[in-house]
Structures are given as C-alpha cells and as structure tokens.
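To start, the structure itself, in structure tokens.
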Amino acid sequence: ISACLVGSEMCIRDRFPTLAMAHGVCMAGGFELALFCDLIWAAEGTVVGLPESSLGIVPLAGGIERVAARAGLGRARAIALSGALYKAEEFAGWGVIDRVLPADELEEKAMRFARKLAAGPTLAYAAIKDVAAAYAREGIPGADERLLDAAVGLFDTVDAQEGISSFLESGAGHAVYHGR
C-alpha cells in the first residue's frame, strides 16, 4: 500500500488514514512498516525497536527518519544507535506509538476505530494528510499555504455539505460520507 511511483498520482496511503496494530514483538522491518502508517496502536507490553545496529547493519526501510518525525532526531538517533528493544508504553510516552491498550482489547478497539475511519470523510482526511505532509516538508508556512487551498475546496464537496447539515440537525457523529 505504501509504495508510490515518483511522478504518479497520489497513492492510496496519501489519501486514506492508515492504522497499524502491534502485538507481542514489533521490531526492525515490521516496526518500520508500522511507521509508514498514520497511527500506531499497540498492546500493553509489546516489545518495539530498531535492533539493526546490534547486527552490524542499519534500518533500511526508513525507521530512523520516521521515528525522528514522530519523536525528534535525538530520540531517533538514540533508539537506532542503541539497537535496544523497548516496551510500547515507553514509545507511547515519546510520541512514537499513539495508543497502548490491554492486549485483549487491542484488536476489537482498533478495528472499531478503523471502521469509523473507513466510513469517514475521506476528502477531509486526504486534506489533513496533505497539510501534515506540507508541514513535514516546509514547516508551518508550507502547511499554512496548503491549508487554505485544501479547506476552501472542501466546502464545495457533497461530504462537507452533508456533514455540516447533519451536524446542525442531529449533532456530531451522524453524517454519512460518500467521498465526493
């Protein structure tokens, strides 16, 4: 899902929210794959890390830079250089993992949230992801520039019109979105 060709249309990962679930052990390439997602949820006690340096190699799928984007360069450097494994709770405290749940609740709660995302306003999600990506590339000025274009365009969509109307009539959480 996360691979995109240079010069191609926006890939699916850029348009729709993605959620990774980690349970047990999530390290090296598996952890890097999770880092490609917008959100990472983990079961309590899950072991997470980038152990490649302890093998004499480096993370090859963007782990260093993706941890840096979530937790800062110093934290990413420390994690990658140590080659150590950490508990998910520690990574959550650093902002690398978004939510830690009891193991017996992880799948049910994550799937419920994923279904909510799937039924949500995909055009707004794409705009949120676009603004966040602009921030990552160009800081606040770049994000602010993208925000205006994204926000103005959304007001003309069926989703926004129905979402606003539904909110005014029934309150939050009742709109049905169609991706148009």
Requested in this report: Please work out how much accessible surface Asp149 shows to a 1.4 Å probe, ignoring ligands, DNA and RNA, in Å² rounded to 10.
Outcome: 100 Å²
Query raised in the report: What angle, in degrees between 0 and 90 and rounded to the nearest 10, separates the Cα long axis of helix 73-82 from the longest principal axis of the Cα atoms of the chain?
Result: 40 degrees
Query raised in the report: Tell me, what % of the accessible area of the chain is carbon and sulfur with a 1.4 angstrom probe?
Result: 61 percent
**Report entry** In order through region 117-126: 3J(HN,Hα) via Karplus (6.51 cos²θ - 1.76 cosθ + 1.60), integer Hz, x for Gly, Pro
**Finding:** 4, 5, 8, x, x, 4, 5, 5, 4, 4
Query raised in the report: Where is the GNM fluctuation largest for the chain (alpha-carbon springs, 10 angstrom cutoff): Ala134, Ala42, Ala22?
Result: Ala134
Query - For Ala42, distant residues with modelled amide H under 5 Å away - result: Ala22, Arg99, Val100, Leu101
Query - Most to least accessible of Glu32, Glu65 (protein chains only, probe 1.4 Å) - result: Glu65, Glu32
Query - Rounded to the nearest 20 debye, dipole of the chain from Cβ charges on Lys, Arg, Asp, Glu - result: 300 debye
Report task. Mind ranking Val47, Val96 by accessible surface for me, highest first, 1.4 Å probe? Result -> Val47, Val96
Query raised in the report: So, by mean Cβ neighbours within 10 angstrom, what's the order for 99-108, 116-125 with the highest one leading?
Result: 116-125, 99-108
Query raised in the report: Do you know the relative contact order of the chain, to the nearest whole percent, from alpha carbon pairs under 8 angstrom that are 6+ apart?
Result: 19 percent
**Report entry** Per-residue ³J(HN,Hα) for region 31-47, Karplus 6.51 cos²θ - 1.76 cosθ + 1.60, θ = phi - 60°, Hz, x for Gly and Pro
**Finding:** 5, 4, 4, 4, 5, 6, 7, 5, 10, 10, 10, 9, 6, 3, x, 4, 9
Query raised in the report: Full extension from Val58 to Ala172: what is 0.36 nm times the residue separation minus their Cα-Cα distance, to one decimal in nm?
Result: 36.4 nm
**Report entry** Ile57 accessible area, assembled protein chains, probe 1.4 Å, Å²
**Finding:** 90 Å²
Query raised in the report: If you roll a 1.4 Å probe over the heavy atoms of the protein chains, what accessible area per residue do you get for the chain, in Å²?
Result: 59 Å²
**Report entry** Surface accessible to a 1.4 Å probe, His174 within the full protein complex, Å²
**Finding:** 110 Å²
**Report entry** Space enclosed by the convex hull of the alpha-carbon atoms of the chain, per residue, Å³
**Finding:** 136 Å³
Requested in this report: Subtracting the Cα-Cα distance from 0.36 nm times the residue separation, let me have the gained length for Ala69 to Ile140 in nm, one decimal.
Outcome: 24.1 nm
**Report entry** Top of Arg15, Arg66, Arg112 by mean-square fluctuation, Gaussian network on the chain, Cα under 10 Å
**Finding:** Arg112
Query raised in the report: Between Phe155 and Ser82, 0.36 nm times their residue separation minus their Cα-Cα distance comes to what?
Result: 21.5 nm
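The values are calculated or read from the model by the stated rules, or taken from the named source; none is laboratory data. Note that the structure is a prediction, hence the values are computed from the model and not measured. Cβ atoms come from the backbone with ideal geometry, glycine included; neighbour counts cover every protein chain shown. Heavy atoms of the whole protein, side chains included, go into the accessibility calculation; ligands, DNA and RNA do not. Shrake-Rupley method; radii C 1.70, N 1.55, O 1.52, S 1.80 Å.
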